[in-house]
Structure formats: structure tokens, C-alpha cells
Amino acid sequence: MSKDSRGGPKGWPALDPNDEGAWRALGSNMGRFFPGSGNMAERNERLSQWVKGRVDHGLWPYALVATADLDAESEVVHPTGPTVKGINLTSVDYLGLAYDERLKEAAIRAIRDHGHHTPSSRPLAGHSPHAKALEASLTEFMGRRSVYLCSTGWAAAYTAVAGVVRRDDFVVMDELAHSSLQNGAYASTPNVQTFRHLDNEHLRSRLAAIREDNPKSGILVMTEGLFSMDGDAPDMKGLVEVSKEYDAMVLVDVAHDLGSTGPGGTGTIGVAGLLDDVDIIAGAFSKSFGTNGGFVSTKSSGVEWAQLCFGSPFTFSTGISPVQIGVAAESLAIVTSPEGDTRREAMMDNVLHIRAGAEARGLGLFGHPSPIVPVNVGKESHARLAGMFSFQAGLIATCLEFPVVQRGVARYRLSLSPNYTKEMLDSALDIIVDSIERAKEFSAELERATAEQKSSV
């Protein structure tokens, strides 16, 4: 394959550093469309034109259409048009269960025995004996008081916040908390503060300031067990201790770590031995458990009833489907068995291999060993180009940028499972290295062309 960015593989647009459209497609970010001033239709049309420019130049990777199972190897149609077949590192199927035949059979049984849909909300008649059985299994797994199911992991996290926070309460959350937590917080109270990522001392200063002026107010501290974009985890023991010092409740979103890490798959909270100390846990089945849906786990009946009464996504959504319940029950049995331990070990072996390989190739990494391996690219323009070159080379791995991650730290987010060979991971790293180098070369050429045009004016 030609290394010339103007002559990419068949079906891909050519990039020319003298093309003003390429300049615009590589510049700016979604931050310019956040301000709420001006005509709404016109504002959205400007966004549409900016996205179209990126699509036209092969630089918009966020509307992939999968035409095969999203396993270690897959096939997708890129928004630009070409079909890409190759190594897939976008899946969050951390234990490699999503296409397991046992889960497929569980789905078939669920449809045969219970149908495919729950046509009522949980507070009305949208609950069932098999849903209660799954809740009981999850309660036992985590050693908690109670668990209730939600239709999605996002809804579970939002519900967990909205169910307990009232307008006069305070929410203090890690600055990189997931959008579901952020949205739940800002929808519930104007008193929302953030603390620096993983910085428990900064959390302490936030809580101390709140308590000085509001000695009796309710406070909810929120974090994640494993941060989905950075692949790192909090000092959970320290966070819980600081929170309790200031009489604050603690909510942890365990969507990415439950099942994939920790003793028996109990995640970061399990590693810290704090399953009985965290007040609220929000989880998802969409990662390690191979299906959709989520849940909220509580320590007390009071918190449970508050969320059941005031958690709007829970109250005003139909119940989780029988298919989700059946698959989640089957996957939970696998995740908590010796096979689950074997899968976690194999996944971690791949994680350690790719992290070592990335470091040996001079790539910068975020986080610590986990199924999420973020590879630093830096500039958004470099990431857009590198991402396109990677797809052209047969690597399905999207570069993420603001607002998904902070400005100036765009990155590949690689997701690992037991299903990769070492050879596949080495090939992926070689493609990433080559793609980043080509991106930087093109950007330098673009800067030269821009300077020449300015000097000629």
C-alpha cells in the first residue's frame, strides 16, 4: 500500500495539504458548537457542515457499520464508504463472551419461555420471577443488600444519581466521571462540583468547604471503578474514607471493571475490600457480561426506595427484556466461575503484552493494566489522520478526541479480551506506530503549505 497520503487505498478520498477543505477538516473541534447562542437551526447546520467536511476527507470515524461480529477480527463500513476488514480493537467485550454459544442459547430459551419484550415499567407490572432471580444472584455476587435492574447501563448510572439527589443537595464528582453520572447530577441539583482526577486530597478540600457552609446538607461523591477513557482507577479506600469523614454518600460506576478485574470479577471495589462500604453501585451488562442492560445496588432499604420512587429512567422506562435477563444470568454464572478467572487471566496476559509492546515502540500510554489500553496521540489533527491511516491499513481502532476526552490528549482507546493472539496485537501496534508517524509528516507538510500561502498574500 502506498504511503502517500494523497493516494490512499481504493475508495478513500485523497488528502492534499494544499486543499483548504483538508485544513478545515483537521482544524477545530466540537467545542465551537457548545455555546447556546444564535439561531438553533443555523447552529446545528454549521455543525452538520463541519461533520460533512470531515466525512468527505475520510476523517470522521464515528459512524461505523459493522457487517460481521465485533470480535477480535471483524468487518466494518467506514462513513467515507470503504469496507475495512481486519483486527478489531473497538469492542468492550472484555471477557470475549458476546458471541458465546451458551449466551445465544440462553437468549433463545428466554424468548421461548418468556417472550422478547417486557411491555410495562417495573413499578407497574414490568417485573418477573426470572428478573428477581437475576437480582438475587447479583446481590449474592457482590454481597450487597439489594439490586434492581435497569434497561441500560447508562440508565442505571443516571437513576443511581437522580434517585437520591435533591435540589438542595451537593454532588462532588471526579472531573472525568462518565456522562451518565454528570447528566444525572446536573439534572438533579445546581450544586455540582468536580475534583481533580483521582485526587482524594482535592476531594477533601471540596468536601471541607461545603461542610463549612452547609453542615447538614446531603452530599454525594461519585467516581468510577475503572475510567473508560483513561484506563485508570481511584484509590477507593482513600476516597471512601475521605467521603465518610464529611458524612457524604459514595456512588461508584462499575460498568468497566465489574466482571473484568478484581477477585472473582468484583472489580476495583472488590480489590479494596469495600463492597459493604460503598453506598451505591451502578453497573452494566454491556461490557464483561455480553448483553445490554444495567443495575443499581444499594446498602440500605431507604436508598433503595428513594431510587425506586425518584429514579426517572427506571420509573418511566419499560422493564429490562427477558432476553437481556436470560443472557445476563448465563454470563454471570460464567463470570463468577473458574472459567471466569481463566478468561480474566488470559485477557490480562494480552493487556500486559500490548502495553509492553507499545512502550518498546515508544508509544505513550495512559492508565494502568486493565482491559482498556489508551495510546496517546496528542493533537486532534494528528489523531484524525492517524485514525484514518489505521483503518486504511486494516486496523479497526478509533481515535477519540474532545469532548470524549480532554483537549490536546486525543488517543486510540484499545479494548482487550482473551480472543486476540500475540501476533494480532503486534501487528496492531505496528500499524499504530506507522499511522502516527504518517499523521505527523502530513501535518508538517500542511503547516508548510499554510505558511507558504500566507506569505504569498
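The values are calculated or read from the model by the stated rules, or taken from the named source; none is laboratory data. All values reported here derive from a predicted model rather than from experimental measurement. With ideal geometry, Cβ positions are generated from the backbone for all residues, glycine too; neighbour counts draw on all protein chains shown.
Quick look at the numbers
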{"read-out": "Number of the condition not met by Leu97 [criteria: (1) modelled with pLDDT of 95 or more; (2) over 24 Å from Gly319 (Cα atoms); (3) assigned to a loop (DSSP other than H, G, I, E, B)]", "value": "(2)"}
{"read-out": "Members of region 122-142 found to be under 30 Å from Met173 (Cα atoms) and not in a helix (DSSP H, G or I), listed by number", "value": "Arg122, Pro123"}
{"read-out": "Conditions (1) of a type outside the set (Ser, Thr, Tyr); (2) within 25 Å of Asp276 (Cα to Cα); (3) free of Cβ contacts under 8 Å to residues at least 40 places away in the same chain: number failed by Asp169", "value": "(3)"}
{"read-out": "Check on Ala428, within 23 Å of Asp232 (Cα to Cα), in contact with a helix residue (DSSP H, G or I) (Cβ under 9 Å, 6 or more places away or on another chain), assigned by TED's automatic domain parsing to the domain that holds Leu64 and without any contact (Cβ under 8 Å) to a residue 60 or more places away in the chain", "value": "no"}
{"read-out": "Unique match (being part of a helix (DSSP H, G or I), surrounded by 20 or more Cβ atoms within 10 Å (Cβ to Cβ) and out of contact with any strand residue (DSSP E or B) (no Cβ under 7 Å at 6 or more places or on another chain)) among Ser435, Ser370", "value": "Ser435"}
{"read-out": "Flag if Phe402 is surrounded by fewer than 17 Cβ atoms within 10 Å (Cβ to Cβ) and closer than 21 Å to Val92 by Cα", "value": "yes"}
{"read-out": "Members of region 44-77 found to be more than 21 Å from the chain's Cα centre (by Cα), closer than 30 Å to Asn350 by Cα and in a loop (DSSP other than H, G, I, E, B), listed by number", "value": "Leu59, Thr67, Ala68"}
{"read-out": "Residue under evaluation Arg122, criteria (1) touching a residue at least 40 places away in the same chain (Cβ under 8 Å); (2) within 30 Å of Ile334 (Cα to Cα); (3) under 23 Å from the mean Cα position of the chain (by Cα), criterion not met", "value": "(3)"}
{"read-out": "Residues that are among the β-branched types (Val, Ile, Thr), farther than 18 Å from Glu75 by Cβ and part of a strand (DSSP E or B), drawn from region 373-427", "value": "Val373, Val375, Val377"}
{"read-out": "Region 312-337 - residue that is hydrophobic (A, V, I, L, M, F, W, C) and modelled with pLDDT under 90 and, of those, farthest from the chain's Cα centre (by Cα)", "value": "Phe316"}
{"read-out": "Test result for Asp93, over 30 Å from Ala272 (Cβ atoms), under 22 Å from the mean Cα position of the chain (by Cα) and in contact (Cβ under 8 Å) with a residue 60 or more places away in the chain", "value": "no"}
{"read-out": "Residue among Ala358, Ala346, Ala333 that is aliphatic (A, V, I, L, M) and either closer than 18 Å to Ala136 by Cα or assigned to a loop (DSSP other than H, G, I, E, B) (or both)", "value": "Ala333"}
{"read-out": "Region 283-318: number of residues that are under 19 Å from Lys244 (Cα atoms) and either free of Cβ contacts under 8 Å to residues at least 40 places away in the same chain or crowded, with 18+ Cβ neighbours inside 10 Å (or both)", "value": "5"}
{"read-out": "Given (1) outside any loop (DSSP other than H, G, I, E, B); (2) crowded, with 23+ Cβ neighbours inside 10 Å, index of the condition His353 fails", "value": "(2)"}
{"read-out": "Residue pairs meeting the criteria (Cβ under 7 Å; at least 6 apart or on separate chains; first touching a residue at least 60 places away in the same chain (Cβ under 8 Å), in region 178-194; second in a strand (DSSP E or B) and of a type in the set (D, E, K, R))", "value": "His178/Glu224; His178/Asp253; Leu181/Asp253"}
{"read-out": "Tally, over region 262-282, of residues that are surrounded by 24 or more Cβ atoms within 10 Å (Cβ to Cβ) and of a type in the set (Gly, Ala, Ser)", "value": "3"}
{"read-out": "Residues satisfying the stated conditions in region 259-284, i.e. in a loop (DSSP other than H, G, I, E, B) and polar (S, T, N, Q)", "value": "Ser260, Thr261, Thr266"}
{"read-out": "Sole residue being more than 16 Å from the chain's Cα centre (by Cα) and at pLDDT 95 or above, chosen from Gly259, Gly265", "value": "Gly265"}
{"read-out": "Search result, residues across region 22-43 that are under 27 Å from the mean Cα position of the chain (by Cα), exposed (fewer than 11 other Cβ atoms within 10 Å of the Cβ) and outside any loop (DSSP other than H, G, I, E, B)", "value": "Gly31"}
{"read-out": "Search result, residues across region 64-81 that are within 19 Å of Gly21 (Cβ to Cβ) and either crowded, with 17+ Cβ neighbours inside 10 Å or in contact with a strand residue (DSSP E or B) (Cβ under 9 Å, 6 or more places away or on another chain) (or both)", "value": "His78, Pro79, Thr80"}
{"read-out": "Filter result for Asp213 (under 27 Å from Asn350 (Cα atoms), surrounded by fewer than 24 Cβ atoms within 10 Å (Cβ to Cβ) and acidic (Asp, Glu))", "value": "no"}
{"read-out": "Which listed residue, of Val254, Val278, Val296, is in contact with an Asp or Glu (Cβ under 8 Å, 6 or more places away or on another chain) and of a type in the set (Val, Ile, Thr)", "value": "Val254"}
